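Data block below; observations after.
What follows draws every value from the coordinates through simple rules; no lab data is involved. Keep in mind that what you see is a predicted model, and the values were worked out from it rather than measured. Glycine also receives a Cβ, built like all others from the backbone with ideal geometry; neighbour counts cover every protein chain displayed.
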Amino acid sequence: MKPLRDTARETRAKANELAEKTAESARATADAARARIQEGYGRARTATSELASKGREQADVAREAAGQAYEKGKAQASEAYAKGKVQAKRANSKLKDVAKEQPIALVAGAIALGALVGSLLPKGGRRDS
């Protein structure tokens, strides 16, 4: 039989060896976990960056389309205003010509228009509530 001192030394050596292997295994596991976490972080960062870039691009496209629509609407409104102004001048000129050339017809037309509006108004006196 071995002396107790030798058995204790061997047991201590085996325990130290087992502790070192366990520590090594823990370090390897921690390193692998750290690598996976960093890889996941990198993928998430890349995906976030791509989404932000796409969002900026879409915002730029929308801004450009809104600007074009505004300019087109502005041009159409300006054109409609100009046409309306020309037509109003033309109608005013024609009315002046009619007033000079046929004043009686103009008065008769005004009376007919007044009669039409009068016939559309409700008949009867005031109502007391």
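Here are the numbers for the structure shown:
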| item | result |
| --- | --- |
| Long-range lysine pairs (8 or more apart or interchain), the chain, Cα under 28 Å | 16 |
| Distance (nanometres) between label positions extended 7 Å along Cα→Cβ at A26 and A105 | 11.2 nm |
| Cubic angstrom per residue, convex hull over Cα atoms of the chain | 280 Å³ |
| FRET efficiency, A35 to Q76 (Cβ-Cβ, R0 41 Å, nearest 0.05) | 0.10 |
| Inter-label distance, nm, simple model (7 Å from Cα along the C-beta direction), A115/K54 | 7.4 nm |
